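The values are calculated or read from the model by the stated rules, or taken from the named source; none is laboratory data. Everything numeric in this text was worked out from a predicted model, so none of it was measured. Neighbour counts run over all protein chains shown; Cβ positions are idealised from the backbone, glycine included.
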Amino acid sequence: MLARRPHASPPPGGRGKACPPWVVGLVTYRYSFQDVLDVRVKRFWVHPTDHAEGIMTKADAARHASPLRPGDRAPDFELPATPDQKVMLSDFRGRPVILVFYPEDWSPVCSDQLGLYQAVLPEFQKFGAELIAISVDSAWSHLAFAKDRNLHFPLLADFEPKGNVARMYHVYRDVAGTSERALFVIDAEGVIRWSYVSPVGVNPGADGILRALEELNGREETT
Amino acid sequence: MSRTEWDAVLTLPVDQERDHVQGAVSAAVTLVQYGDYECPYCGQAYPIIKDMQARVGDRLRFVFRNFPISTSHPHAEHAAEAAEAADAQGEFWRMHDLLYERQRHLADGDLHAYAEELGLDVERFDKEMAEHVHAARVYEDFMSGVRSGVNGTPTFYINGVRHDDSYEAEVLLEALERAAATP
């Protein structure tokens, strides 16, 4: 499992099949310190991602989030976008919003994922959609991260109270103290139309978002 | 709208005319790579692909498509355009190989020097680079990758289905052999 390319999208049918608790127990038990070292060594040439992201503990598996679902109203929130500017979700009412929860600034998978979204941003904008990313990092960390990685969309700081917005969307991971890697597409009226939680070490790509935006467009055209 | 899982298949089928192809259309297995010339993992994959071509031989058709991620790799976009500009003069693969063999040196001046080294019409090459004549093609490749579920580079498709395993030689070879043996 760990030899997989960590940034590959999940194979079809991979999600939703929860392990029975005894399997989870077994998996947790199997990872001795030596295993962890071996994994690091094996992994090195494939993709030096945070290996901590790749291991699911028992508590983690038990909490594996079920995010807010299509049809749910997207909870409104206000978070800092910069050290002195705040953004409210409802500011964007009237156009679709892509809400991207990611675990942490600076981690390799997050950088790949957000770098890809920056590159695909013009396609999102063709749908009039706004792209907003959220993590528990502080606004100052976001500022440095965005500058370093050339990201030109808002990174919101779900920093105080920590993870509050992630909790509102049911995508907070207590065990790690970060959010899940989760995607929400919210329509112009503030209703969630698509949501997806990716394994934390897997970059979910942009195809799911684009498809959701297309379906949203189709729906608006037919009503 | 409730879909949370999706198939990762090639949305833009391989086209012998449009694509950069090595191998026959009748080959038993087609390997498509979405790659970025500045990505170190693609650099690692480069000799592995050569190895696959040697080992699978005529049964393998290899296709390369551009997937430059400019936010992380500032030279990737121009390098991709340079390979396309070389293609316009019939030298895609020689430029492709050169770019991977020297992927730490991909500044505009380097690309110009590679065009010279390959004996291209450098004036035409420079003009096409300056006018970004091939940018649209590179973007078309990129978006076809995005729509097919490419989320990083390199990403491979074997007979149209994304290869979600490692691209370590033995793993890739086994996957290719398996696909070749599937009628």
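Figures for the structure shown
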item	result
Every residue from region B:58-71 that is closer than 22 Å to B:Ile48 by Cα and assigned to a loop (DSSP other than H, G, I, E, B)	B:Phe67, B:Pro68, B:Ile69
Residue ID - modelled with the lowest pLDDT, chosen from residues in region A:65-104 that are surrounded by fewer than 16 Cβ atoms within 10 Å (Cβ to Cβ) and among the hydroxyl-bearing types (Ser, Thr, Tyr)	A:Ser66
Residue match in region B:103-123 (condition: in contact with a strand residue (DSSP E or B) (Cβ under 9 Å, 6 or more places away or on another chain) and in contact (Cβ under 8 Å) with a residue 60 or more places away in the chain)	no
Given (1) out of contact with any Ser or Thr (no Cβ under 9 Å at 6 or more places or on another chain); (2) surrounded by fewer than 16 Cβ atoms within 10 Å (Cβ to Cβ), number of the condition B:Leu111 does not satisfy	(2)
From the options B:Arg18, B:Arg55, residue that is in a helix (DSSP H, G or I) and either away from chain A (no Cβ under 14 Å) or acidic (Asp, Glu) (or both)	B:Arg55
Lone unmet requirement of (1) among the hydroxyl-bearing types (Ser, Thr, Tyr); (2) more than 21 Å from B:Gly152 (Cβ to Cβ); (3) in contact with a helix residue (DSSP H, G or I) (Cβ under 7 Å, 6 or more places away or on another chain) for A:Ser195	(3)
Of all residues in region B:147-171 being crowded, with 23+ Cβ neighbours inside 10 Å and among the hydrophobic types (A, V, I, L, M, F, W, C), the one that is nearest to the other protein chains (Cβ to nearest Cβ)	B:Val150
Entirely in region A:105-212, the helices (runs of 4 or more DSSP H) that have 2 or more residues that are touching a residue at least 60 places away in the same chain (Cβ under 8 Å) and crowded, with 21+ Cβ neighbours inside 10 Å	A:108-126, A:164-168
